[in-house]
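**Q** Quick one: structure below, then a few questions.
Bear in mind these aren't lab numbers, they're just calculated from the coordinates by the rules spelled out. The shown structure was predicted, so the numbers you read here are calculated from the model rather than taken from an experiment. Methodologically, a virtual Cβ is constructed for each residue, glycine included, from the backbone with ideal geometry; neighbour enumeration extends over all protein chains shown.
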Ligand code: PMP
């Protein structure tokens, strides 16, 4: 993996912030975008733009082909048995809302949903909206005493004959913990429940195979995998998607419409009402090609080395506490400088050209469980270098000497 060559594909990485070279360590929030992806967007607008699935004319067929090629490539990338099980959404959030709203229609008052304490708000609030509408019960898997991994003993005990859904994140966006989702899905299935996996933080960092996992639903966002904003994926098993009612109504999702009776399109179109974001969907295919060329194993290996190297060096900073110490961890480091507010740490790092995230990271229940109101979070991607890690640690030493 030639990182310097790869970095040249990302013009934003040559920016300066306060006259310092940008060091971008907020990859959990969004990854930066390579030139090839933006070239595809431009070529869609300048050469191929026409509405999809509608026209017999050449442009419409070209745009449709590009969109449907992405669907096939996504299916192949995640090991989905069929491209018809890949639904385009606006992002992870919309994918989870789709399942909560539509699969939720099949649930009854008193049915139970198991979430975990480390979920992003987007895998909590849609289920709470369902609770308000249908009276379902939400149960929560806590952390073990290590404050980093899920307590699977409690998880097993939460099941009852009323448990219908388990919704769990593959990788925590705060702690970096890689959850044992294959095992958790297996346990869910033993109890007759379906499992939704929030893959937002896994898809660009680990090999993902929904078939091998036996996931019922798997959700992720293009903008976190070097792709454009505005596109997400919901993978769902065909038999479940067929059983579920449509999420939204409109054009594209129907077979025939009359005022008396409307019939719906086949999968995947039943869940894709209205004109899709076919421009960005086409560009997602370029992002997939980019990632495939580097290789997900290679990306995972590089990021793990960055994680190990940086964690080791951060441990030497007096007064720095790391949150998230699971042995099986993605390249996300949440920390606090003792006595300093996370916001002040983040702001001072920004003045040194370093972009990190501060705050609750849309995981307030987890913050509550940890007894804090936020952290500073540095997260890595394939283009980050060891030299950037050194500069980050040096900057943090400076900030620590100022704040504590
Ligand atoms: N789940 C997790 C674990 C996330 O990290 C994020 C984004 N921070 C989301 C869901 C939501 O993704 P999006 O905003 O792209 O819908």
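**Q** Can you tell me the mean projection area, over all orientations, of the convex hull of the range 259-361's alpha carbons? Units nm², please.
**A** Its Cα hull, projected and averaged over all orientations, spans 12.3 nm².
**Q** Which whole-number percent of Cα pairs in the chain have a distance greater than 29 Å?
**A** Roughly 46 percent, rounded to a whole number.
**Q** Further, regarding this structure: Which of rounded, prolate, oblate describes the range 4-127, given a ≥ b ≥ c as roots of the alpha-carbon gyration tensor eigenvalues and a/c under 1.5 marking rounded, otherwise prolate only if a/b is larger than b/c?
**A** The shape class here is oblate.
**Q** Let me ask something additional. Kindly put 264, 278, 10 in sequence by how many other C-beta atoms sit within 10 Å of each C-beta, fewest to most.
**A** 264, 10, 278
**Q** So, one more: Most exposed first by the Cβ proxy, i.e. fewest other Cβ within 10 Å, how do 270, 351 rank?
**A** 351, 270
**Q** Which angle between 0 and 90 degrees, to the nearest 10, do you get for helix 386-403 versus the longest principal axis of the chain when only C-alpha atoms count?
**A** 60 degrees
**Q** Compute the Cα gyration tensor for the range 199-268, then decide on rounded, prolate or oblate, letting a ≥ b ≥ c be the square roots of its eigenvalues: rounded whenever a/c is under 1.5, prolate when a/b is larger than b/c in the other cases, and oblate in all that remain. Intermediate results must be reported in sequence, preceding the final value.
**A** Working: a/c = 4.19, a/b = 1.85, b/c = 2.26.
Oblate, because a/c is 1.5 or more while a/b does not exceed b/c.
**Q** Let me ask something additional. If you average the sequence gap of Cα pairs under 8 Å that are 6 or more apart and divide by the length of the chain, what percent do you get for the contact order?
**A** Reported relative contact order: 23 percent.
**Q** Here's something else I'd like to know. Which number do you get for Rg(Cα) / (2.2 N^0.38 Å) in the range 83-181?
**A** Normalised Rg, Cα atoms only: 1.10.
**Q** Something else: For 271, 259, which order do you get if you count the other beta carbons within 10 Å of each Cβ and list the fewest first?
**A** Numbers: 271 24, 259 5.
Going from sparsest to densest Cβ surroundings: 259, 271.
**Q** Here's a follow-up. How many percent of DSSP beta bridges within the chain run antiparallel, rounded to 5? List each step's numbers first, then the result.
**A** Values: 28 of 47 bridges.
So the antiparallel bridges amount to about 60 percent of the total.
**Q** I'd like the antiparallel share, as a percent to the nearest 5, of DSSP beta bridges with both residues in the range 131-250.
**A** In the range 131-250, approximately 45 percent of DSSP beta bridges are antiparallel ones.
**Q** With the Cα gyration tensor of the range 134-276 giving a ≥ b ≥ c as the square roots of its eigenvalues, does the rule (a/c under 1.5 for rounded; else a/b larger than b/c for prolate; else oblate) give rounded, prolate or oblate?
**A** Because a/c hits 1.5 or more and a/b fails to exceed b/c, the range 134-276 counts as oblate.
**Q** In degrees, nearest 10, range 0 to 90: what is the angle between the Cα axis of helix 181-190 and the longest Cα principal axis of the chain?
**A** Around 40 degrees separate the two axes.
**Q** Counting only C-alpha contacts under 8 Å and six or more residues apart, can you give the relative contact order of the range 157-308 as a whole percent? Present the calculation step by step, with values, prior to reporting the outcome.
**A** Numbers: 209 pairs, mean separation 27.0, N = 152.
Across the range 157-308, relative contact order equals 18 percent.
**Q** Looking at the range 8-163, send over the antiparallel percent of its DSSP beta bridges, to the nearest 5.
**A** Around 35 percent of the beta bridges assigned by DSSP in the range 8-163 are antiparallel ones.
**Q** Express the relative contact order of the range 1-90 as a whole percentage, based on alpha carbon pairs under 8 Å and six or more residues apart in sequence.
**A** Reported as a whole number, the value is 14 percent.
**Q** Once both axes come from the Cα atoms, what is the angle between helix 58-78 and the longest principal axis of the chain, in degrees from 0 to 90, rounded to 10?
**A** 60 degrees
**Q** For the chain, what does the helix formula give at 222 nm: sum of -39500 (n - 2.57) over DSSP H segments with n ≥ 4, over the residue count, nearest 500 deg cm²/dmol?
**A** Theoretical 222 nm ellipticity from helices: -11500 deg cm²/dmol.
**Q** Need the C-alpha centroid separation for the range 63-142 versus the range 174-190, integer Å.
**A** For the range 63-142 versus the range 174-190, the Cα centre distance is 16 Å.
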